[in-house]
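Remarks on the structure that follows.
None of the figures in this text is laboratory data; all of them are computed from the coordinates on show. Given the structure is predicted, the values throughout are model-derived calculations rather than measurements. Cβ sites come from the backbone with ideal geometry, for glycine too, and all protein chains shown count toward neighbours.
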Amino acid sequence: MNNSLNSLPADSDRHLTPTVMVADDEAFTRQFFGMILQEEVYKYIELTTVAECRSYLENNTNPDLIVLDIRLPDGSGLDLLKWIRDRGINVPVIMITAYGSISDAVLAVKIGAFDFLTKPFEDTNKVRISIKRALEYGWLEKENRMLRARHGSRDVFEDMVGKSEKMQYVYELIKRAAAAPTNVLIEGESGTGKDLVARAIHSLSDRRGQAFVTVNCGALPEGLLESALFGYEKGAFTGALKTTQGFFEEAHNGTLFLDEIGDAPPSVQVKILRAVEDRVIYHVGSTKPVSLDVRLLFATNKELAKEVAAGRFRNDLFYRVNVVKITLPPLRERREDLPQLIDSFVEDYCRKSGIKKRIFTDEALSYLSSRSWPGNVRQLKNWVLRIMVLHPGKVVGLDDLHRYLDEEDSQEGESFYDTSYQQARQSFEKRYFERLLHRAGWDLNRAARQSKMHLASIYRKLNALGIKVK
Ligand SMILES: Nc1ncnc2c1ncn2[C@@H]1O[C@H](COP(=O)(O)OP(=O)(O)OP(=O)(O)O)[C@@H](O)[C@H]1O
Ligand SMILES: [Mg+2]
């Protein structure tokens, strides 16, 4: 075994000094990698046989990258690769195959190789790039695993991503709400994750084995909503052919999630109030009470207190609903979570479609963090999935973003034409100035020149639109 170390004094930070293990019995190949790796301050471990590799991996910290020849003197590199994966060693592996042996290369990727290189190496740059990408991929994977282990949020909170202070507070409230049988009101703009919170409360509560029933109170017309919630008796109205249970009964012993409660019409609000206070319901067309044990969760993207003040929501129901309130922060107030959210959407997509993980450049991530995201996490998620489908490359850069975002901007949501001219103009202006500033590197003088506006007018606009200059 011949370990040639580079000149860096310490290797405590493995991001600074990645360790690369290369196994090949040809001295020339090992020298070739030695040359490339030494250019980039990497720690280089040279091995020549399968036995040496196994012993190294069994007795040392895992390297950051493994490069394996497919034919080693005492066995096959492919078998070794399989052994590595079977032992749960998640390090990226690059296989070296002989020129023309495509089937070996395909097999290697199937077993879990990150990439393969063919000998003789004609293009040194290609080798360099492959090493860099593999290392980058490995770190991202590792970081993800660590984040998940540290926060455990994906398991406990059913796929909720984000470690910002605001989200930590939300997780805390979810845990508390889950432990008590009280009603919970979940407030937050559209797409902030209210659904996820409701599910998380149910799954963490002692009702987790029972039904979780969701009703969107804004989606059904008044008459239908009432019979959907409380059920009806045969003959209660035309078409009521047999007595039917409603969502409240379906949720008996479990949790009923009344989504968009702010949109429930007054007649239904009264009935919900009665159900909450007396723990009984009545089928439409019946005076016989049905006793129930249902835990109630409510969500709204309106501010319910304002709805009460405006006389659109019953005060007495509001006090019943608002026992514990969880307010979800809009995405623009927790921008630090954006990279992790994007990463988790990309990872999910790539894993499900069986392709290698894609990467956003730092520049692209910083631009995304500066956008306003009126549709919150839902908008971000849809957008990431769209770029995964449209963009063929492994790396997504700033230019790619502009290309796909432009496309998105012209396909405003359906709600676009429901807004007033005033709102539409303001939303356009906000987007325009954000984009302008970003392109000008947040240099206001440059932004003024590019937009052909006076500096003072730009200041006024930014103030009016609530855009903070970095
Ligand atoms: N913290 C989060 N981590 C990961 N994904 C999230 C998070 N929050 C929301 N999402 C995703 O964003 C999308 C929208 O979330 P959700 O449906 O819970 O929002 P909502 O607040 O209920 O929206 P609406 O008001 O429109 O009903 C979902 O696909 C959800 O999985
Ligand atoms: Mg929802």
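Express the relative contact order of the chain as a whole percentage, based on alpha carbon pairs under 8 Å and six or more residues apart in sequence. Reported relative contact order: 10 percent. Legend: calculated FRET efficiency, Glu429 to Val276, from the Cβ-Cβ distance at R0 = 41 Å, rounded to 0.05, equals 0.40.
Going by how many other Cβ atoms sit within 10 Å of their own, how do Ile102, Ile96 line up, fewest first?
Least crowded to most crowded, the residues run Ile102, Ile96.
Expressed as a fraction of 2.2 N^0.38 Å, the value expected for a compact globular protein of N residues, the C-alpha radius of gyration of region 332-465 is 1.15. Note down the Stokes-Einstein diffusion coefficient of region 301-348 in µm²/s, whole number, using a Kirkwood radius over alpha carbon pairs, 10 °C, and 1.306 mPa s. Roughly 118 µm²/s, to the nearest whole number. Using the Cβ-Cβ distance between Ser420 and Asn253 with R0 set to 35 Å, the FRET efficiency works out to roughly 0.15. The slack in the chain from His454 to Ile89, taken as 0.36 nm per residue of separation less the alpha-carbon distance, amounts to 125.5 nm.
Annotation for region 326-342 versus region 222-300: alpha-carbon center distance of 35 Å. Maximal additional length on extending the Ala211-Ser286 stretch stands at 24.5 nm, based on 0.36 nm per residue less the C-alpha distance. For region 21-42, backbone nitrogen atoms closer than 20 Å to the point 7 Å from Asn59 Cα along Cα-to-C-beta are found at 21-25.
Coordinate range of the alpha-carbon atoms in region 212-257 per principal axis, descending: 30, 23, 9 Å. The label point for Ser369 and the one for Ser164, both projected 7 Å from the Cα toward the Cβ, are 1.1 nm apart.
Projecting the Cα positions of Ser370, Phe433, Tyr459 onto the charge dipole of the chain (unit charges on Cβ atoms of Lys, Arg, Asp and Glu, taken about the Cα centre) puts Tyr459 furthest along the positive direction. Using the Cβ-Cβ distance between Arg332 and Thr124 with R0 set to 41 Å, the FRET efficiency works out to roughly 0.35.
Using a simple spin-label model with pseudo-atoms 7 Å out from Cα toward Cβ, Glu26 and His402 lie 4.4 nm apart. If you bin all the Cα-Cα distances of region 251-352 at 5 Å, starting from zero, the percentages per bin are 2, 10, 17, 17, 13, 11, 10, 7, 7, 4, 1, 0.
Most simply put, the chain has about 20% antiparallel DSSP beta bridges, counting only bridges with both residues inside it.
Students often get this wrong: which residues of region 32-71 have the backbone nitrogen under 15 Å from the point 7 angstrom along Cα-to-C-beta of Lys132? Residues 36-42 fall inside that zone.
Note: relative contact order over region 332-465, using C-alpha pairs below 8 Å and six or more positions apart, is 21 percent.
By the Cα gyration tensor, the chain has an equivalent ellipsoid whose semi-axes, rounded to whole angstrom, run 54, 31, 19 from largest to smallest.
Semi-axes, largest first, in whole Å: what does sqrt of 5 times each Cα gyration tensor eigenvalue give for region 155-329?
28, 18, 14
Among the GluC sites (Glu not before Pro) in region 44-135, which ones are in a DSSP loop with at most 11 other Cβ atoms within 10 Å of the Cβ? Mind listing them? Qualifying residues, ordered by number: Glu122.
Between helix 194-204 and the chain there is an angle of about 80 degrees, using the helix long axis and the longest principal axis of the Cα atoms.
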